[in-house]
Every structure is written in structure tokens, then in C-alpha cells.
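The values are calculated or read from the model by the stated rules, or taken from the named source; none is laboratory data. This is a predicted model, so every value here is computed, not measured. Because the Cβ atoms are built from the backbone with ideal geometry, glycine has one as well, and the counts that use them run over all protein chains shown. Calculation scope for accessible area: heavy atoms of the full protein, side chains included, ligands and nucleic acids excluded. Shrake-Rupley method; radii C 1.70, N 1.55, O 1.52, S 1.80 Å.
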Amino acid sequence: MKILTGNDLRSGAVVWWNGSGWSLFVDDAVDAGDDSEEILAREEAARRVNVPYAIDASIDAGGHVRPAHIKDRVRALGPTVRRDLAVPTADKTGWDWVI
Amino acid sequence: MVESRDLGTSPDEVQFRFRDDEPVDHGTVTVDSCCDQTNATAVRIEPGDDARLLLPFLDRLALVEVNFPSFTDGRGYSAARILREAGYTGELRAVGDVLIDQLSHMLRCGFDSFAPDKRLDEGDAARAFATWDNVYQRAADTRRTIADKRHEA
Amino acid sequence: MYQYDSYDQAMVDARVEEFRDQARRRMEGRLTEDQFKPLRLMNGLYLQLHAYMLRVAIPYGTLNARQMEALADIAEKYDRGYGHFTTRQNIQYNWIRLEDAADALADLARHEMHAIQTSGNCIRNISADHFAGAAVDEVTDPRPYAELLRQWSSFHPEFTYLPRKFKFCVIASAKDRAAMRLHDIGIRIVQNAAGETGAQFYVGGGMGRTPMIAPLVRDFVPIDQLITYAEACLRVYNRYGRRDNKYKARIKILVHELGAAEYTRQVEEEFAHLLSVGVEPPREELARIAEYFAPPTFRHPSESWDLEQLQSKAAGDPSLRWDDGFGLWVRRNTHPHRAPGYVSAVISLKPVGGIPGDATADQMRIVARLAREYSFDELRVMHTQNLLLPHVRIADLPVIWAALDAAGLAAPNMDTIEDIIACPGLDYCSLANARSIPLAQRISERFAESGRTEVVGELKLKISGCINACGHHHAGHIGILGVDRKGTENYQLSLGGSEAEDVSLAKITGPGFDEDGVIAAVETVTDVYLDARTDGERFIDTYRRIGMEPFKEALYG
Ligand code: HEM
Ligand code: SF4
């Protein structure tokens, strides 16, 4: 599936499109499918999010959203070397698939 | 040979001008043409042109336009200073992708007129021209630098 | 240390307010990201993987205790309690909010610091020998020249839209502790036979995807023509540097394509012209700056100890653990000082298993206190991502060590395989192919646990997460480069680089490795070295003597 991500304009935080707004948690990401381009243009113009883009992702057996590229997996969780700074509710199994 | 009105900007495209003389309003030519013909008084420098080719003709030139196709291409700043360092006193016009945040640097490099592709907000531009009460380096303007001021008797 | 006068202060204050206005226009939607990006970059604000990142300039790596405390406060107030010291003697904060960025810059300005020109295609923060003003072997303190260059390059009207970024480095000794020849312009301050001071100009070095060692362009520029010569070098580059391809836009490519002789000819011509124009600051300005760098008043040697006295006093004190604690740290982490009874003391930011270059706010405050009490209120950021107390009395070393040890800052590993330079890599950087930090952590643990660090001795290991080479891998005795191999992390190993006065570029060993593989490979190459070395040979010496083949043989069989 295609999910949308970017950085919040004011805070810079990594955010994910949840169908009606932007969430800090990758598990909230929804399949934006064919609407990707339109949502991205609209949201960028609305100044809520910085340079948003669409990426490939899948849903694993546990129901977690898993971005396809390693870079977005790191973005979803936080630096692998500072797990104490991880995105607060990132699921604990995340570290097993990030790399 | 390229010698059309289209090449240069016309006086009404100039948004800011810090000179009292009448602006030139006739055929602006390329650097190549300028070197070949003896009567051109207005010339346009593109980023890849060597401004020094114009040095023998400075006396007859009244307008030099320096084109900035993209604000990130800074060659025009050197072209401007080179002309001023050689004693050029005619109009030096920055044209093209000229934006607010470049104005103060352009002024320091010797530009005295500005014809931006997109007209700039007058208030923002006035603030930009006035940026830097003081400056660190010598440039084409005649401003005394911070170091000069520090050491004046 | 240099102190701002009202002019310098007004410049940075004005810049903060200008940025505050730009950030507001961005948040109000009056600027698009395309328009805002170059403006924020001019103020050191990047957008990285997780957040905005702020890069703060520490000119020539020198700062005082109050400034270090201000950096600690910023880490706590606007970030997550830590900062990352870089190879270019800057500090980076990883979690700055755009809403707070102007306030953080204002706090910096209050303490005579800024983030100006730490990004963008302009002249960047000027780096210098981190032992400046302390080293026994320097001709003079290079920092006044670096400060003169800093002022000249700040808001330079002609050189703000160069083809690409531009980095200066200034040293003043035959030894090179600052990778001088791997900069766009490396300057060595020298004295000629007549005792006059001048500058050697090396132009066109750099790392990145096309590493090059800068050739000597001018052997002696009289010191009162330093700025004029720099201006000539830059003007030729601004006019003729390539702008058609971002990867060929650095000055090293221009110098390489023209040839050093032709580039030099053009510079000399421009130089002669600029001398007639008169762009040099007044002579007195250098003298004014130099006064700020006057050496502190060192105490008489009789009030300190020499290293032998230190050993005889400290060896008997069990709390100091002479053999593997304090004494080891003194042997490894102190550097000879020009004043008898003094040394420079390296504060390692490379604890075994730690993140190279990271320091917490509390650690920054402890270091600041030590600088205030024991080092004439002076600190340095080293290009090896460590900190330095430049002027400490040998007699004070036991207390200093104890305070550092308690704060986790006393790793005795300067210039060993644990003293790894590593860029942020895929843990933080949006350009990365692979992570750098975990490799550094695991390698330092592996060598510390097996006790091989001591056996191997001086070995400079440098890791970059992508071809941009922020981790200097081309210049490592051992270099590691992260590459992307079909979506997984992969690492290329290279050998034989050096950024010191024996500068050389490392060569790739062969096919890459995965994470475990490259750690094993590092062990393998150190095995080859230990087997082959003769007395007193460092890894790099052995490599140069025996060449790549034996290492390749051991790695790929
Ligand atoms: C995380 C944000 C960073 C980004 C986006 C970044 C980006 C880059 C890029 C694109 C280059 C290549 C430039 C070129 O060759 O044209 C480069 C080179 C370099 N960077 Fe970084 N860098 C980052 C962090 C760092 C850090 C943390 C350090 C110090 C540890 C550093 C020090 C350097 C050095 C020394 C070079 C190579 C020397 C040179 O040829 O200029 N950078 N960086
Ligand atoms: S080398 Fe690459 S991965 Fe490392 S900091 Fe530089 S740009 Fe990022």
C-alpha cells in the first residue's frame, strides 16, 4: 500500500497521514492509494506539513504498518542508537524489523 | 547577430534605481556583439560571459545588465565588482531571478538598478536594501568597513 | 579568546531578527519551502530524518566556559538534553523545533555564538588546529588569522552563492592535526628565513565522492596580503567553478581540471589586480584581533610538576589506578604544551560503546567548570569529535581526571582504534545509506574487551554513512563507507588513508560486507598488521610498507 509521510512544519516531527490528519504514529497510517498526489498537494499548501511524500508500506501479521524502506522505518521509530528517545508508543516489536 | 529589443529590459521593467541620469532605452547587445561593434552603449552579461572582455569599451557603455537566470548562480556578483573595479560608472542593472534576500549583497557589489522577473514587495525591499548598518569587507560600494571604523583616529 | 565588540554583536543580533521574520513568514505560509530552505540553511537549520537540526558554528573550535554552558542550556531548553560535536568543530542539535529556532539563535547570540553560514554554498565555519596557542611546535597561534578570515567571510557580498560549499582550515605547524590539505583552502602560517610571517595556500582538497589532496598553490603570501589572496582564490572559483553538475562543483574539481599550475596562474593574475584595488583590512585589525589571543599568564614551572614527578606522586595513590586508570589516561590523552609544567588534556567523547561526539548537557557543564577552574576558561572542540582543555597544570591532572572519570569522560583512548570518527549516518541523516554509529559502538566494545586497543596502538578508524564522507573515511588508516545494497546496509572497507602531514587517500579493499562482516574484517586487518609489523611501526606504516595484498589475501582469501 501507499502511505504518506512528512515532517510537521512547526515542530519538525515525523508524521503520517491517517485519513483525516497527521499522526505521530506510523500504525495510524492509512492507504492513500490513488488519492496520494491530491492529498499531498493540498496538505503542503495548507502548511501543516513539510515536503510530504508517498512511500510503499505493508501491514504485518501483528497489524503494524511497516514502511518498505529502511530510512522510513528509522523515521517511524527514532534513532536505533537512542531507543530512549523512540516515538513514545512505537510498538516494542518495531526494533526487530527496523533494520 | 543578436541585437533585438527583447534582449534587454526596458526602463519600465526596472523596479529600483539609485541613479539620477536618464536610463538608456535602446538596443542591448550580447557581450560578443559588443566587442564586435563600435557603437553599442548597452550590453547584457550572461553568467558564463567574461566581464573583462568589456573593459576596453567601458567609456562608451551606459548600461550593463547582468542576468541572474537563477538566484543560486552567483557569477554575476563577480562580474559586477570587476566592472566597478575597472572604473565603470554607468548603470549596472541586476535582472532575472532577483529576490529580496539578495538585494543588499547586489548593492554592495556595485549594482545600482534592479529589474526582478517578479516584482518585489516594496516594504520588504526597502528593509533589505537597508540591511547591515555596517559591513566587514571592502567591496564595490565605498562604505567604510567595520575594521576601518575600529581603527580610525 | 576573541570577544565581540559592539559591531560583531550587532551583526549577529541583526541576523537573528532577520531569521525570526523569515521563520514567521514561513509558518504563516508567505514563503514556500523552496523559498525558505536556502534562508534556513544560511542559518544552520536543516531538516533531517526525525526533525529539524541546528548546526552551530564554533569558530576555530575555541570557546569559553560560559559558552559551553550556554550550549548545555540550549540542549536542555530546546533539544533533548544532548548535542553532537562534529569533525568541523561545530555542534549539532538534532531535535530543534522551527518555532523555537529563532529563540535558540537569540540565546546563542547573547553568548557571542551563531549558526551563520554553517550550511549553504558559502564560506563555512573556519577550522583550525585544536592545539592552537598551546602546541610546542607551532610557529604562532593560527587563530587570529582564522578570526580575520571569519570576519572577512561573514556575509561576503560576492561569495554567498558559490558553486558549492567552501571550507577553510588554518594551522601553523609542520604537523597537521586538522586535515588541512583536505579542505577547499588549507592555510599554513609560516615564517620565512627573514623571520617574516606569511601563509602557504593549499587549494582544492576535499573528501566527498571525489577525494583530493590540495596542491600547494603559493608558498608564501605575505601576511598583510592574506585576505587579498583568499579573495583572489575565491573569485577565480566563483567565476569558473562548475555549476552544471552539483557533484563536480567543488573547487577541487576546478583545480584538478585546470591543473594546479593554470589555476595558480589565474589566481596570481587576480591577486595582482586586487592588490591594486585594495581589499585588505587595515594592518591594525590583525594586531587588534591578536591581542585577544595573547597567551595566558602561565605559572612558574616550580609551581607545577613535570610528568615524572606526577608519576612518582600518583603511582602510590590507589584511588588513581595508575596502571589502567589515571596513568593510562595521562599517557594517551595529554599532549605536550609550550609552557613547562603544563599539558593539553583531551576529553574523550568516545566512551567504549558510546556514540562518538555526543555529550549530554550535564557533561558539557562539567567540562565547562573544569575549563574555568583549571584551563584559563578555555575549551576546544577537536576535529576528532573530542573536547580539549588546552592549558592545564600537570599538578592539577589528578583532580581533573577524577572529575572526568566520574562523568564518564575519561576514556583513555586518544588516537586508538576506540577513538573512532563516525558521522550520524542512518540514525539521524536523511542522506545516509547505512548506519555509522552502531558500527563504532561495536568495534570499540570488541577491541576494549579483548584488550587489543593497547596492543594495536595508534590506529585511526573513520566511518561515513554515505559517499559524502562527513566521517572522513577516505582519510582513515582504516575507513568504512556505508552503501546501499538492494535496500540493506552494506559496508566498504578501505585502508591506508591519513589526514595528517603524511596525508594520503585510502584504497578500497574489495567487495563490501554486512555489519557483522565488516567488524570481523576490521579485526582481520589488525591481525595482519600485528603479524607483519616491525618495531615501532604504526598500522599505517606497516600498510605502506607491505601494501594492500596481504590484507586482501586475509580478507578474501
Ligand atoms: C546530518 C547532517 C549532515 C548533512 C546533511 C551533511 C551533508 C554533507 C554533504 C552533502 C557533503 C558532501 C559535500 C560535497 O562533497 O560536495 C558533506 C561533506 C562533509 N561533511 Fe557533512 N553532513 C552532515 C553532517 C555532518 C557531520 C555531523 C559532520 C562531522 C562529523 C560533517 C562534516 C563533513 C565533512 C568533514 C565533509 C567532507 C569534507 C568536504 O569535502 O567538505 N557533516 N556533508
Ligand atoms: S556521510 Fe552521508 S550519512 Fe554521514 S552525515 Fe554525511 S551525508 Fe549523512
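Rounded to the nearest 100 Å², what is the sum over both chains of accessible area buried where A meets C, with a probe of 1.4 Å? Let's see the in-between values first.
Working: alone 5760 and 21650 Å², together 25070 Å².
What A and C bury together is about 2300 Å².
Using unit Cβ charges (K, R positive; D, E negative) and no other charged atoms, how large, in debye to the nearest 20, is the dipole of chain B about its Cα centre? Intermediate results must be reported in sequence, preceding the final value.
On the way: 19 positive and 29 negative charges, 143 e Å.
In debye, rounded to 20, chain B gives about 680.
Buried accessible area between B and C (1.4 Å probe, both chains summed, ligands and nucleic acids excluded), in Å² to the nearest 100?
3300
Could you list, bin by bin from short to long, the percent of Cα-Cα pairs of the stretch C:383-452 in 5 Å steps?
3, 14, 18, 20, 18, 13, 8, 4, 2, 0
Could you put C:TRP322, C:TRP152 in order of accessible surface area, largest first, with the 1.4 Å probe and the full protein assembly present? Intermediate values should be presented prior to the final figure.
Numbers: C:TRP322 35, C:TRP152 10 Å².
Correct descending sequence by accessible area is C:TRP322, C:TRP152.
Counting each pair of different Cα atoms once, what's the Kirkwood radius of the stretch C:215-347 in Å, rounded to one decimal? Please list the in-between numbers first.
On the way: mean 1/r = 0.0505 Å⁻¹.
After inverting the mean inverse Cα-Cα distance, the result is 19.8 Å.
Can you tell me the length gained on complete extension of the stretch C:ARG25 to C:ARG66, counting 0.36 nm per residue apart and subtracting the Cα distance?
Extra length available between C:ARG25 and C:ARG66 comes to 11.5 nm.
Quantify how much of the Cα-Cα distance distribution of chain A extends past 15 Å, in percent.
When all Cα pairs of chain A are counted, 57 percent exceed 15 Å.
Counting pairs of alpha carbon atoms under 8 Å apart in space and at least six apart in sequence, what relative contact order in percent does the stretch C:6-110 give?
The value is 30 percent.
Using just the alpha carbons, could you tell me how many Å³ per residue the convex hull of the stretch C:421-556 encloses?
Expressed per residue, the convex hull around the Cα atoms of the stretch C:421-556 is 97 Å³.
Taking every residue in B:99-107, how many Cβ atoms of other protein chains lie within 10 Å of its Cβ, on average?
So the per-residue partner count for this stretch is 3.
What dipole magnitude, in Debye to the nearest 20, does the protein assembly as shown give about its Cα centre under +1 on Lys/Arg Cβ and -1 on Asp/Glu Cβ?
That gives the protein assembly as shown a dipole magnitude of about 600 debye.
Using mean Cβ contacts within 10 Å as the protection proxy, how do A:6-13, C:160-167, B:31-38 order, highest first?
On the way: A:6-13: 20.5, C:160-167: 22.6, B:31-38: 15.1.
Descending mean neighbour count gives C:160-167, A:6-13, B:31-38.
Using a 1.4 angstrom probe, figure out how much accessible area the protein assembly as shown has per residue, in square angstrom, rounded to the nearest whole.
37
Just grab the label-to-label distance for A:MET1 and C:ASP415, each label 7 Å out from Cα along the Cβ direction, in nm (one decimal).
5.7
Between C:LYS175 and A:TRP97, what is the FRET efficiency for a Förster distance of 41 Å, r being their Cβ-Cβ separation, to the nearest 0.05?
Details: r = 48 Å, r/R0 = 1.17.
In this case the efficiency is close to 0.30.
Once the Cα gyration tensor of the protein assembly as shown is found, what semi-axes does its equivalent ellipsoid get, as square roots of 5 times the eigenvalues, in whole Å, sorted largest first? Write out the running numbers ahead of the final one.
On the way: eigenvalues 399, 242, 132 Å².
Ellipsoid semi-axes (Å, largest first): 45, 35, 26.
Exceeding 21 Å between C-alpha atoms, which entries from my cross-link table qualify? They are A:LYS71/C:LYS165; C:LYS350/C:LYS460; A:LYS71/C:LYS252; C:LYS462/C:LYS507; C:LYS37/C:LYS246. Each step should come with its number before you reach the end.
Working: A:LYS71/C:LYS165 26 Å; C:LYS350/C:LYS460 13 Å; A:LYS71/C:LYS252 31 Å; C:LYS462/C:LYS507 13 Å; C:LYS37/C:LYS246 17 Å.
Over 21 Å apart, Cα to Cα: A:LYS71/C:LYS165; A:LYS71/C:LYS252.
Given q = 0.14, 0.21 Å⁻¹, what are the Debye log10 I(q)/I(0) values for the stretch B:11-150, with equal point scatterers placed on the Cα positions and solvent ignored?
-0.63, -1.35
Which order do the peptides B:105-117, C:368-380, C:288-300 come out in when sorted by mean C-beta neighbours inside 10 angstrom, highest first?
Working: B:105-117: 22.8, C:368-380: 21.0, C:288-300: 13.8.
Ranking the peptides B:105-117, C:368-380, C:288-300 by packing returns B:105-117, C:368-380, C:288-300.
Using a 10 Å cut-off on Cβ to Cβ distances, tally the other chain neighbours for every residue of C:1-9 and report the average as a whole number. Present the calculation step by step, with values, prior to reporting the outcome.
Numbers: counts 0, 0, 0, 0, 2, 2, 9, 3, 0.
Mean number of neighbouring Cβ atoms from other chains: 2.
Any idea of A:TRP22's accessible area? Nearest 10 Å², probe 1.4 Å.
Near enough 50 Å² of accessible area.
Just to compare against my own numbers: the Cα pair-distance distribution for the stretch C:269-404, 10 Å bins, whole % per bin, please.
Calculated over all Cα pairs of the stretch C:269-404, the distribution is 10, 34, 28, 13, 10, 5, 1 percent.
Name the residue, out of A:GLY33, A:GLY19, A:GLY62, whose mean-square fluctuation peaks in a Gaussian network model built on chain A with Cα pairs under 10 Å.
Looking only at A:GLY33, A:GLY19, A:GLY62, the biggest GNM fluctuation is shown by A:GLY62.
Taking Cα atoms of the stretch A:44-89, Rg/Rh with Kirkwood Rh, to two decimals?
Value, to two decimals: 1.04.
Leaving ligands, DNA and RNA out of it, rank C:GLU523, C:GLU303, A:GLU43, C:GLU308 by accessible area with a 1.4 Å probe, largest first. Could you put the intermediate results ahead of the total?
Working: C:GLU523 45, C:GLU303 90, A:GLU43 5, C:GLU308 150 Å².
Descending accessible area places them as C:GLU308, C:GLU303, C:GLU523, A:GLU43.
Just how much of C:HIS256 is accessible, in Å², when a 1.4 Å probe is used and the result is rounded to the nearest 10?
120
Calculate, for C:ARG209 and C:ALA294, the FRET efficiency according to 1/(1 + (r/R0)^6) with r their C-beta to C-beta distance and R0 45 Å; round to the nearest 0.05.
So, using R0 = 45 Å, E works out to roughly 0.55.
Over the whole of A:31-39, what's the average partner chain Cβ count within 10 Å per residue? Rounded to a whole number, please.
Across the residues of A:31-39, the mean count of other-chain Cβ atoms within 10 Å is 0.
With a cut-off of 8 Å between alpha carbons and a minimum separation of six or more residues, what is the relative contact order of the stretch C:421-556 in percent?
19
Considering the alpha-carbon set of the stretch C:1-126 alone, what are its Rg and its Dmax in angstrom?
Radius of gyration, then largest Cα-Cα span, for the stretch C:1-126: 13.7, 42 Å.
Could you list the trypsin sites (Lys or Arg not before Pro) in the stretch C:7-73 that lie in coil according to DSSP, counting only those with at most 15 other Cβ atoms within 10 Å of their Cβ?
C:ARG30
Note down the accessible area of C:LEU555, probe 1.4 Å, to the nearest 10 Å².
My reading of the accessible area for C:LEU555 is about 30 Å².
Counting each pair of different Cα atoms once, what's the Kirkwood radius of the stretch C:147-288 in Å, rounded to one decimal?
Answer for the stretch C:147-288: a Kirkwood hydrodynamic radius of 15.4 Å.
Just to be sure I follow: if Rg is taken over the C-alpha atoms of the stretch C:344-483 and Rh is the Kirkwood radius over the same atoms, what is Rg/Rh?
For the stretch C:344-483, the value is 1.00.
Taking chain C as the region of interest, what is the percent of Cα-Cα pairs per 10 angstrom bin, listed from the shortest bin to the one with the maximum distance?
Computed distribution, short to long bins: 4, 18, 28, 28, 17, 5, 0.
What whole-number value in cubic angstrom gives the convex hull volume per residue for the C-alpha atoms of the stretch C:335-426?
About 94 Å³ per residue, rounded to a whole number.
For chain C, what does the relative contact order come out to in percent, with C-alpha contacts under 8 Å and a separation of six or more?
Here the relative contact order equals 12 percent.
Place a point 7 Å from Cα of C:ASP502 in the direction of its Cβ. Which residues in the stretch C:153-177 have their backbone N less than 17 Å from it?
It comes to C:174-177, nothing else.
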